[in-house]
Structure formats: C-alpha cells, structure tokens
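> Submitted below is the structure of interest, expressed as structure tokens.
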Number of protein chains: 2
Amino acid sequence: MSETVTRIEIDGAALLDRLRRLGEIGALEGGGVCRLALTDADKAGRDWLVGEMRALGMAVSIDMIGNIWGVRAGAEEGPPVMLGSHIDSVATGGLYDGALGVLAGLEIAAALERAGLRTRWPLAVAAFTNEEGARFAPDMMGSGVHQGALSLDAMLSVVGVDGAVLGDELRRIGYAGDIPPRSLTPRAYLELHIEQGPVLEQAGARIGVVTGVQGISWTEVIFEGQSNHAGTTPIALRRDAGLAAARLAVEARAIADEAGPPQVATVGAIALSPGLVNVVAERATMTVDLRHTDDAALEAAEARLAEAAAVIAAAEGCRVKLRSLARFAPVAFDPALVDAVEAAARARGLFCRRMPSGAGHDAQMFAPNCPTAMVFVPSVGGLSHNVAEHTEPEDLIAGAQVALDVVLPLLEPLP
Amino acid sequence: MSETVTRIEIDGAALLDRLRRLGEIGALEGGGVCRLALTDADKAGRDWLVGEMRALGMAVSIDMIGNIWGVRAGAEEGPPVMLGSHIDSVATGGLYDGALGVLAGLEIAAALERAGLRTRWPLAVAAFTNEEGARFAPDMMGSGVHQGALSLDAMLSVVGVDGAVLGDELRRIGYAGDIPPRSLTPRAYLELHIEQGPVLEQAGARIGVVTGVQGISWTEVIFEGQSNHAGTTPIALRRDAGLAAARLAVEARAIADEAGPPQVATVGAIALSPGLVNVVAERATMTVDLRHTDDAALEAAEARLAEAAAVIAAAEGCRVKLRSLARFAPVAFDPALVDAVEAAARARGLFCRRMPSGAGHDAQMFAPNCPTAMVFVPSVGGLSHNVAEHTEPEDLIAGAQVALDVVLPLLEPLP
C-alpha cells in the first residue's frame, strides 16, 4: 500500500445532483422510485449511467449477465480497485438503496479527474444486475454470476414474477453483453450503502464500519393438528396447530434473547387453516428468519429451533415439518480493509460504529475472492424498501468521502 | 304432569330412512350436504319436510322469518310441547347436524300416530330458519326472531355473503310466511342434536344430558407495531406485532389451562401484515374465542385477556385494540327437564353424561321463555361441520327414543 497521504475532496453537490437525476428515472408520484430489474425504467437508468461514465472518460463494459462497469485507467493494467452496488430497485424503493454506492463511485472518479490525479491501478465503478431480486429470484444475481457463485445459464433462464425470461429481457433492453463471468477479480472491492436499519441512527453514528454480512437461515415450519369446534372440544382433547405456531414464534424470540446480539429471529408470516374464529386450526404455516454473523452460532440457533418445534408439536399432538427456504453462511470482510474504513471515518471526525450487515449485498459475492468491505450511512428511522427511505445529504456525502479516502491509497496515487 | 307410564317405541328404520332421504337433498359428491339457508337446496329440503309433516296429518305453519312447524293436535288447544332444530347446513356439512332434531320430532309424531295415542297437549315439530349463519349472519336467526331475541325487520334486511338479501330470498323460495314473531311460546322445548365434539365418545357415553349452553365471547385483537427489516433491525429496537399476537395466543391457552374445564380458549385466526419472511410484522389481527358455562368466570377470562393484551403490547412497544365480535351469556336449561332427560336415558339403560353445550343451538333462544333442555348423541371423532361428520345409527335411534320418552309425559297421554 502506498505511503502517499494525498487528500481529495468529494463534490457533495455533484453527488447529490446525480442522485437526484437518477431518482427521476422511474420516479413514483409522491416520492420513491420503481426501477425493477430489466424493465424499461431500469434500461433508462442504465443508459443514463453509461452516459455519465463516458462523460467522465471511463471505458464502459457490459458482461453476459448485464453488469455494467466503467473503468478509469491506471498507469498499469491489471486488476482494478472496484466500487460498486446496483441501480435496480424494489417496486416501491427509495432513492439511495444501491444508487448511492454506484454514484459515489462516479463522484470518486470525477474527483480524481478534477484533481488531475493519476493512479497506478485502474478504478472500476460497477452497477450489478438485479440485486433486489424483486422481479427475478434470487437477489444479488449480477454480482453472484460475476464472481462465480451463480450459474450464468441458470440465471438467464429465470422466469420473473411477471412471466418474463431474464435472458430475453436482457436482450430486449440491450444489456446482454459479451464478457463472460469470472473474467474480472478486482484488487479490492468497496461498497457504500445505506444501512437499511436503525442501528447507526440510534447510536448517533454517521458511518457504519461493516465487518461482514450476517448468515441467513430461512425455515418454513408447518404444524398439522386437527380441526375442531372451538366450543365443543375440551382443551385436553385438542391438537391445535395454531397454538403450536404461536409457541414456536415465542420460542424464536427467546432464541434471539438468550443468544443476545447479533442473533436475530423473526416470524414474519403465520397462516392458520381454516382460519376461523370458532375453529381450532388444523394447519399452521409459518416462517422463521434466523441471522447471525457466526456460522456455528447460526447452526446452534437452527438446531434449537428444530428441537423446539419437535417438542412443541409433541406436546400439542401435532405433526411438524421443517423446510429450509434459504441458507447463506455469514461473510466476514477483510480485516485490514475494515480497519481502513474505520481509520478513514475517524480521520474525517465522523463518529462511526462497527456493525455487521443484516441485509445481503453485492459485496458478499466478492468477499471470498478479494479484499472486500462496506461503508454504511444512516437510514432515517431505519426505513428501507420504502418510498419514505431517507438519508441526510450530509451523511450521503460523508459516506462517499470515506469511500474515496479508503480507495485512494489502494489505487496508489502517482506523484 | 301425568302419572301415565305409557311407553312407545321409536321406529329406528323409519328415522334412518328419513335422515337418508333428507341427506339426498343438497348431497355433495363423496358425502355430506350443502343446504345453505334459503338456497334452492334449502327450499327443496323444506318442501320435502312440509310434505312429510302433511303425510303425518300435521298442520303446517310458516312464520315471517320462514320457520316451519307442524302440529299434531292435542285434545286441548294451548301451547304445544315443541321438538325442533334446523335443516339448513354449512357449505360442507354432515347429514345429522340439525336434521336429526327435526326428523326425530317427525318420527316421534309418527310413533304417537302408530300407537293411536291421543295427548292432552299438541306436539309441535319445528325447523328454524338459518341456524348455521353460514350464508347470513347471525346464526340461530329463526329461533332468535321466533322467541323475540332478534328483530324481524333487521333480519329480513341482512345481506348474505353472496350479496343476497334475506327477505328477498325468503320470498323467492316461497317461505315468507305470515305468522308474526313471538306468537307461539311452547309449553316446553326439547332439542335432540349431535354433540359436535368428542366428549361423549371419549367418555364412552351414548347420551349427553345437556345442562345449558356455554357463554361465548369473541374478541378481535389488533396489535400495531412497526414494519422493519428482519436482518437489519436489532431485537431491542423492534415493535413486532406478530410476536405480540403469538404471545397472546399462548396466554389464551394459559387462561383456559389455569381456569380448568369448562373454560376453553381458542385463537383460530392470526393474520400478519405484510406477512413476509424477512419483514417484522407491522400489524397482527387475531381472534380469541372464550367460552364458559358461568358468566362471572367468562367475564374473568375476558378481563384477563384484555389485561394480557395490554401488558404484551406495552412490552413490545405496540398499540393494541380489542373489539367484541360476539357475546352471548351462558344459558342454563330447566333443571327438572334436564333431570327428566337423565332419567329417561337411565331408564333405557343408556350410559349418559351431563355436559354443557359448547356450541350454540336454537334451544338457547327458548330457555328464557319456557322449560327447555337438549339431548346430545355422540359425534364420531368429535367431527362437526365436516362432510365426514358421523353418528352411529344406534345412537341416532337412542337419542330419538330418549326424546320421545321425555316429551311423552309432558304431552299428557290420554287413556
């Protein structure tokens, strides 16, 4: 790493202006955006982004899954330092989820240009296809294919919630590129993103130093008991699937409480059948979302959940079936790069806090393959995937500044 | 009461044959019936019933809410002894729920005819409109209007789940009669019904001596918390409406367990919003069904539920609203008539058991106005409101025999 102590400043107004302009593409009445992956709105956002990259003198490439990257050349060829995120959104998304990371990358490239700074290594700014997974599952698709975690052919065949085939839509909007997967592993990967949670705001911190991404375990639990008349069936003779589900939901919270942070557990869906006021439920279908930064701890939580489900089912005379809906191991970011984020924030006098990411991000696809880290900025009220999502302008700018300060030495500025 | 010790026998085959024939009207493929109130199938059942009454020489009357009754004259005019129930069904009903009480009444009238027995008082056999409430709410409508607990005009205006207006449907099927409500209070009312629960089967009893009807309290509980990302929101910062609902469902069972029988508590419906695996629920809507034979005990259970809801909501940072959906005070049947049912069962060598009814029945509308009781026969597996509902033929016949034995002295047979 270079010993250069070059300092370059972000043009905050330029960053905010680009965020505003991208936010006009797919804008919803009353606020927020809808740029579902590979729709016309996504295409318009992509076209605008490519235009901005070219205006900054960057060389633009499109790969076979539609990822876009613009490269500011270095003095030497070779792996770039990459800043990236995504510009697709959920159906009722905010202006900064994803867009901030991409447009901060553009502003960093612009700042280097303005400073007339040459660097040893190239700077790449990437926008990954379909991070949200709102139209086509799974999420983090473009970065997953890019880094070899997902199969290109399988992803091109994915059918969206609207019946469209992903590969067809890529061609339709003109973003089926020719660069194969795994053709580019950056020297390092840094992603700036809104937190999408309340931790920074609650802590009064302006920068989140992201240490990794929590492991995620989604389980569907189905209890099967017996439908009975709520008036005529004594308690002792019941096999109440709804009660079993309620007990397991309470137990899921106990798992989180007893393990303590960062263990979280959420029962977001419970459906009882037949679902009538005066009928004991015959069947209960519920989901349990468990997350932890440590895989052994996550496995322990999963084991305890399964054990609790079995005990609860037996006590209520129900059958129980568990099915894994999703399982991602925790990702740890590069300790040196994480330290660099923290040091950069402190050097700018920004109160920061180390934290894991509770949500998935493109960065986790890079973590196994190159030094990777993330920078979070606060989400007002913790709101996310919501048109009311908001981050204060000074925090957007501060995040971009920290990102620039972190990547600058990695780029190795030349005198 | 007469000292006559006349004994008359039910013709079991005739009873079963009538049950079979009514069961063919509105029959579902694979078993069970659908005779929702005031549909064409209900009309066909009514027409058949009226024909059977007339064939037995009974005088048929229809009142303004469509109740049908056939009267076998007594030596004196004056209030009849009434046997009744209903012939409407839920959408996937069994053959005996309601039909048994009406057709046992017919068979009792037929048995008196066969025996050539004259009685001092008339015998009335009634089929009440819309006992089930499956198409038009509330349930027990015909008997409720008949006995003055419900307003005729209000009930005629009720709009069904299919948009039909009850009064229009009554006219359409030709059962808008001209006899006003409260025109007939019987000398005594007895209703034979299937148990619709597992108590008799579990006890090995063949006759249920019904002491009254449990009080019913239905409450809708809505918890409002905050929708949050399941990964990014620490447990300590959550306001999880789904967890609050689960805790209250567990507490409802605890209320029943701690009070002991006959207290029952059921959470048959829970709906979480937005209901997604990775989103903390913002809103939970649930129902709680509490029943007890003692009104003070039921009030205590309601108070404890409300208190628990408030405590749980406060602990989770949620708001909570409770709304009463239905409230019926417990009904106690006439002690002398209840004793008579027990004595009749014992005299026939039928093992019997005293029990409250957990379900509502037309009989409860009569209980405030005349001596009233019920006879239950076992439901195999406790199944009810189910095409697989079943009662063994010998139990159907035994129930009818007990009903005959109970009403015979009330009718005061003449020598």
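Laboratory data are not the source of any read-out in this text; all were calculated from the coordinates shown. All of these numbers come straight from a predicted model, not from anything done at the bench. Counting neighbours? That spans all protein chains shown, and the Cβs are built from the backbone with ideal geometry, glycine included.
> Taking the Cα centre of the range B:215-328 as origin, work out the dipole magnitude from +1 charges on Lys and Arg Cβ and -1 charges on Asp and Glu Cβ, in debye rounded to 20. Write out the running numbers ahead of the final one.
Numbers: 11 positive and 14 negative charges, 80 e Å.
For this selection, approximately 380 debye.
> Quick one: work out Rg over Rh on the C-alpha atoms of the range B:303-415, Rh as Kirkwood radius.
Working: Rg = 20.5 Å, Rh = 17.7 Å.
A ratio of 1.16.
> Could you give me the ³J(HN,Hα) list for the range A:203-212, computed from phi with Karplus coefficients 6.51, -1.76, 1.60 and θ = phi - 60°, whole Hz, x at Gly and Pro?
These are the phi-based 3J(HN,Hα) values: 8, x, 9, 9, 10, x, 8, 8, 8, x Hz.
> Then there's this: Which value, in Å³ per residue, describes the convex hull spanned by the Cα atoms of the range B:176-282? Don't jump to the answer; show the numbers that get you there.
Values: hull volume 23.6 nm³, N = 107.
Taking only Cα atoms, the range B:176-282 has a hull volume of 221 Å³ per residue.
> What percent does the relative contact order of the range B:215-328 come to when contacts are Cα pairs within less than 8 Å and at least six residues apart? Don't skip to the end; give the middle numbers.
Numbers: 244 pairs, mean separation 51.1, N = 114.
Reported as a whole number, the value is 45 percent.
> Could I ask something else about it? Quick one, could you list the DSSP H helices from chain B stretching 20 Å or more along their long axis (Cα atoms) with average Kyte-Doolittle hydropathy of 0.5 or above? Write down the numbers at each step before the final one.
Values: long enough: B:40-55 (22 Å, -0.83); B:99-115 (24 Å, 1.32); B:241-259 (27 Å, 0.66); B:295-316 (31 Å, 0.72); B:393-411 (27 Å, 1.26).
Long hydrophobic helices here: B:99-115, B:241-259, B:295-316, B:393-411.
> So, one more: Given the options A:G349, A:F128, A:G260, identify the residue whose Cα lies farthest towards the positive end of the charge dipole of the protein assembly as shown (+1 on Cβ of Lys, Arg; -1 on Cβ of Asp, Glu).
So the residue we want is A:G260.
> Tell me which GluC sites (Glu not before Pro) from the range B:66-129 have a DSSP coil assignment and no more than 16 other beta carbons within 10 Å of their own.
Answer by residue number: B:E76, B:E77.
> Taking square-rooted eigenvalues a ≥ b ≥ c of the alpha carbon gyration tensor, is the range B:6-60 rounded, prolate or oblate, where a/c under 1.5 means rounded and, failing that, a/b exceeding b/c means prolate? Let's see the in-between values first.
On the way: a/c = 3.23, a/b = 1.46, b/c = 2.21.
Judged from the Cα gyration tensor, the range B:6-60 comes out oblate (a/c at least 1.5, b/c at or above a/b).
> Using the Cα centre of chain A as the reference point, and only Cβ charges (+1 on K/R, -1 on D/E), how large is the resulting charge dipole? Debye, rounded to the nearest 20.
Working: 33 positive and 52 negative charges, 64 e Å.
So the magnitude is around 300 debye.
> Separate question: Based on the Cα coordinates of the range A:56-156, what is the per residue volume of their convex hull in Å³?
Working: hull volume 9.1 nm³, N = 101.
Spelled out: Cα convex hull of the range A:56-156, divided by residues, is 90 Å³.
> If a paramagnetic tag sat 7 Å from the Cα of A:L28 along the Cα-Cβ line, which residues of the range A:70-88 would have the backbone N under 20 Å from that point?
A:86-88
> Return the Cα extents of chain A along principal axes one, two and three, sorted largest first, each rounded to a whole Å.
Each principal axis gives a Cα extent; for chain A these are 84, 46, 39 Å.
> Dipole size in debye (nearest 20) for the range A:88-187 around its Cα centre, Lys and Arg Cβ +1, Asp and Glu Cβ -1?
Its charge dipole is roughly 540 debye.
> Students often forget the sequence filter, so: which lysines lie under 28 Å Cα-Cα from A:K43 once same-chain residues fewer than 8 apart are removed?
Result set, ordered by chain and number: empty.
> Inverting the mean 1/r over all pairs of different Cα atoms, compute the Kirkwood radius of the protein assembly as shown and quote it in Å.
On the way: mean 1/r = 0.0324 Å⁻¹.
The answer is 30.8 Å.
> Using amide H atoms built 1.01 Å from N in the peptide plane, name the residues 5+ places from B:D88, or on other chains, whose amide H lies under 5 Å from its own.
Counting only residues 5 or more places away or on other chains, the set is B:N130, B:E131.
> Could you list which residues have their amide H under 5 Å from that of A:V375, counting only those 5 or more apart in sequence or on another chain, with H placed in the peptide plane?
A:E191, A:L192, A:H193
> Distance from a point 7 Å along Cα→Cβ of A:A329 to each backbone N in the range A:179-217: keep the residues under 15 Å and list them by number.
Under 15 Å, as judged by backbone N against the label point of A:A329, lie A:213-217 of the range A:179-217.
> Specify which residue in the list B:I108, B:L200, B:S157 is farthest towards the positive end of the charge dipole of chain B, using unit charges on the beta carbon of Lys, Arg (+1) and Asp, Glu (-1), about the Cα centre.
With unit charges placed on the Cβ atoms, the residue in question is B:S157.
> Follow-up question, since we're still on this one. If Rh is defined by the Kirkwood formula over all Cα pairs and Rg also comes from Cα, what ratio Rg/Rh do you get for the range A:215-328?
When Rh is taken as the Kirkwood radius, the ratio is 1.02.
> Then there is this: Can you pull the Kirkwood radius for the range B:260-303, inverse mean 1/r over Cα pairs, to one decimal in Å? Display every interim value, and only then the final one.
On the way: mean 1/r = 0.0811 Å⁻¹.
Hydrodynamic radius (Kirkwood, Cα pairs) of the range B:260-303 is 12.3 Å.
> Go through A:V33, A:G231, A:S89 and say which Cα lies farthest out towards the positive end of the charge dipole of chain A; charges sit on Cβ, +1 for Lys and Arg, -1 for Asp and Glu.
A:G231
> Nearest 0.05, what FRET efficiency do B:E220 and B:E299 give at R0 = 25 Å with Cβ-Cβ as r? Walk me through the numbers on the way to the answer.
Working: r = 18 Å, r/R0 = 0.72.
Calculated transfer efficiency: 0.85.
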